[in-house]
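Each remark here refers to the structure printed beneath this line.
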Amino acid sequence: MEGRPPLPTHLKLVKGTARPHRLNKKEPKPPVAVPEPPAHLDERAKAKFIELAEMLARHGVMTELDAAAVARYAVVWCRWVDAEAEIKKRGPVVKTASDNIIQNPFLAVANKCLLQMAQIESEFGLTPSSRSRIRMDAPPGAADPFEEFLSGKET
């Protein structure tokens with residue numbers, strides 16, 4: 001298939017490029033859910049998966065279809081934490097066997113992990129910049145404090 005991949009409707013609405021005749025009226029809208037962590041994750045990655053999945057679900061972003069992306073994030077996060085521990089232990093520069101000073105190889109690993117995590121975070125609206133591009137309806141029962149003030153229903 002050639003050309004750009006199609007944008008989901010919610011992204012078209014966010015970007016302001018939605019045209020009624022080009023919207024997919026049958027686009028899937030999976031329900032918010034917190035899926036079980038994949039079995040291949042170790043205990044630390046499972047804990048990160050559950051923490052992130054529950055947080056995303058509270059904000060209406062997590063569905064069962066997102067489990068693989070959250071699992072990737074959890075794995076990369078664990079790798080980043082391990083690399084940072086090695087950097088802390090050995091420092092950002094190390095000596096080789098021949099007394100040359102080089103950048104700690106774990107610094108490159110940590111930096112690569114940071115880039116991968118930032119990409120996944122952006123997909124889920126976990127950065128201030130990416131969050132500013134997301135428009136969501138208010139959850140049921142959520143009150144707007146300004147509207148309450150105007151109507152005299154201050155709490």
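None of the figures in this text is laboratory data; all of them are computed from the coordinates on show. Every value quoted in this text rests on a predicted model; they were computed, and no experiment measured them. Using ideal geometry, Cβ is built from the backbone for each residue, glycine included, and neighbour counts are taken over all protein chains shown.
Figures for the structure shown
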quantity	calculated
Residues Glu86, Glu123 arranged by fewest to most Cβ contacts within 10 Å	Glu123, Glu86
Region 32-138: relative contact order in percent, alpha carbon pairs under 8 Å with at least 6 residues between	22 percent
Exceeding the 22 Å Cα-Cα cut-off - candidates Lys88/Lys112; Lys48/Lys112; Lys89/Lys112	none
Residues Asp99, Asp42, Asp82, Asp66 arranged by fewest to most Cβ contacts within 10 Å	Asp99, Asp42, Asp82, Asp66
Kirkwood Rh, angstrom, region 32-138 [1 / mean 1/r, Cα pairs]	15.4 Å
